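The values are calculated or read from the model by the stated rules, or taken from the named source; none is laboratory data. Note that the structure is a prediction, hence the values are computed from the model and not measured. All Cβ positions, glycine included, derive from the backbone under ideal geometry; neighbour counts span all protein chains shown.
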Amino acid sequence: MSDKILELNNLAVEYKNKGRYLRVLENINLELKEGEILGLVGESGSGKSTLGKTILRLLPESARIKKGSITFKGENIFNLAEKEFNNRIRGKEMAMVIQNPQNALNPVFKVGTQILDVLYFKSQKKKKRKNLKKEAVKILKKVGISDPEYRFDEYPHQFSGGMKQRVMLAMAFISNPSLLIADEPTTALDLTVEAQILNLLSNLVDEYNTSILYISHDLGVVAGLSDRIAVMYAGQIVEIAVTKELFDSPNHPYTEALLKCLPDYKKTKELQTIPGEVPDLGNYSKGCRFHPRCSYSFDRCQRENPALIKISSNHFSACFLNKEI
């Protein structure tokens, strides 16, 4: 995991609302290494999904990238025309799995037909769809779909949520992507199915040597899956660390508060919550964006917004208190 496959530098994104632009992502600096799984965590409304869509250039028309760059395999993808990015990168070098497979599959087409479409475009339309069925069935079997030849001719409504997510993973890995953005792919699944999907994802990563940006609000999930974790709050990255170090020695008050909210399986402590709410995207208070909810807040926090700085070899934090937390 020595080579950087993705690098975000000073990225800022704005949404147009009622005639004015609101800054929803600010000073995003992040890197992903080859073969690495990077967890991106934070409460709902922190800007995690917006960041994932920005990387794949899937933002709505009301959004714009105000500044910064995204470098993928040494190339600034902002310099690519939409047609070139779509032909070379999106769906090929980069793929995405969204959190709700119910909405990802077209309900009027058979599952097998939708997989064939992906295989057809992967072959650059050089192979006929009917000649790709054997390959599609093989892919369904690889992701754990039982009786794949029969399931090939079924519609999405005949698949459970877990099976649909398996199909989405199959479609994402067909092109052997270098980068997969997984946006809360197990949110709608029960715990046993979630464990199966995460295990499948880990196996596919090992087989294809794919790097993953795993977006989630569930610290328990990313703890067992990720090599490193980036914590996001109100459109900014507030802490980045190796997974074990983040859990053992959280430096930012927001990270500390999130960890205190995790349930204790021994039930020896009362479940805690973070007071207040995540601010609306673009409507942030002056100074540190977490200070209205922070138990460590002092005067400087209300005036200045701390930068993300290096506090150890693989640990970065945006807090004036640094290691005192």
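State which residue is surrounded by the fewest Cβ atoms within 10 Å (Cβ to Cβ) when the search covers only the stretch 159-195 and only residues that are hydroxyl-bearing (S, T, Y) and over 16 Å from the mean Cα position of the chain (by Cα).
T192
The residues of the stretch 202-212 that are assigned to a helix (DSSP H, G or I) and touching a strand residue (DSSP E or B) at 6+ places or on another chain (Cβ under 7 Å) amount to a single one, V205.
Looking across G74, G47, G68, G35, one residue alone is surrounded by 20 or more Cβ atoms within 10 Å (Cβ to Cβ) and small (G, A, S). It is G47.
Go through (1) under 30 Å from Y21 (Cα atoms); (2) touching a helix residue (DSSP H, G or I) at 6+ places or on another chain (Cβ under 6 Å) one by one and return the number of the condition Y296 breaks. Looking at each condition in turn, Y296 falls short on (1).
Beta carbons closer than 8 Å, at least 6 apart along the sequence or on distinct chains, pair a first residue in the stretch 201-215 that is within 17 Å of K33 (Cβ to Cβ) with a second that is surrounded by fewer than 16 Cβ atoms within 10 Å (Cβ to Cβ) for Y208/N176; T210/N176.
Only a single criterion out of (1) crowded, with 20+ Cβ neighbours inside 10 Å; (2) modelled with pLDDT of 85 or more; (3) within 24 Å of G52 (Cβ to Cβ) is not satisfied by L198, namely (1). Being under 21 Å from the mean Cα position of the chain (by Cα) and within 30 Å of R23 (Cα to Cα), is that true of even one residue in the stretch 199-209? For the stretch 199-209, residues under 21 Å from the mean Cα position of the chain (by Cα) and within 30 Å of R23 (Cα to Cα): absent. Mind listing just one residue for me: the one in the stretch 90-107 that is outside any loop (DSSP other than H, G, I, E, B) and of a type in the set (A, V, I, L, M) and, of those, surrounded by the fewest Cβ atoms within 10 Å (Cβ to Cβ)? The extreme case among them is A104.
For the stretch 5-29, the set of residues classified as more than 17 Å from F78 (Cβ to Cβ) and assigned to a strand (DSSP E or B) consists of Y15, K16, N17, R20, Y21, L22, R23, V24, E26, listed by residue number.
Any chance the stretch 139-150 includes a residue that's in a helix (DSSP H, G or I), without any contact (Cβ under 8 Å) to a residue 12 or more places away in the chain and buried (at least 16 other Cβ atoms within 10 Å of the Cβ)?
Yes, because at least one residue in the stretch 139-150 is in a helix (DSSP H, G or I), without any contact (Cβ under 8 Å) to a residue 12 or more places away in the chain and buried (at least 16 other Cβ atoms within 10 Å of the Cβ).
Scanning the stretch 30-60 for residues that are without any contact (Cβ under 8 Å) to a residue 60 or more places away in the chain and in a loop (DSSP other than H, G, I, E, B) yields R57, L58, L59, P60. Checked against the criterion of being over 30 Å from R166 (Cα atoms), of a type in the set (V, I, T) and either without any contact (Cβ under 8 Å) to a residue 24 or more places away in the chain or touching a Gly at 6+ places or on another chain (Cβ under 8 Å) (or both), the stretch 275-282 contains one or more residues that satisfy it.
For the stretch 7-20, the candidate set comprises residues that are modelled with pLDDT of 90 or more and either among the aliphatic types (A, V, I, L, M) or within 20 Å of R289 (Cβ to Cβ) (or both); within that set, the residue that is surrounded by the most Cβ atoms within 10 Å (Cβ to Cβ) is V13. Looking at A241, A234, A182, A230, just one residue is in contact (Cβ under 8 Å) with a residue 40 or more places away in the chain and on the phi > 0 side of the Ramachandran plot, and that residue is A234. The helices (runs of 4 or more DSSP H) located wholly in the stretch 213-325 that include 3 or more residues which are surrounded by 15 or more Cβ atoms within 10 Å (Cβ to Cβ) and out of contact with any Asp or Glu (no Cβ under 6 Å at 6 or more places or on another chain) occupy 219-225, 243-248, 253-260. Within the stretch 99-129, no residue satisfies the criterion of being closer than 29 Å to T50 by Cα, in contact with a Leu (Cβ under 6 Å, 6 or more places away or on another chain) and either modelled with pLDDT under 75 or small (G, A, S) (or both).
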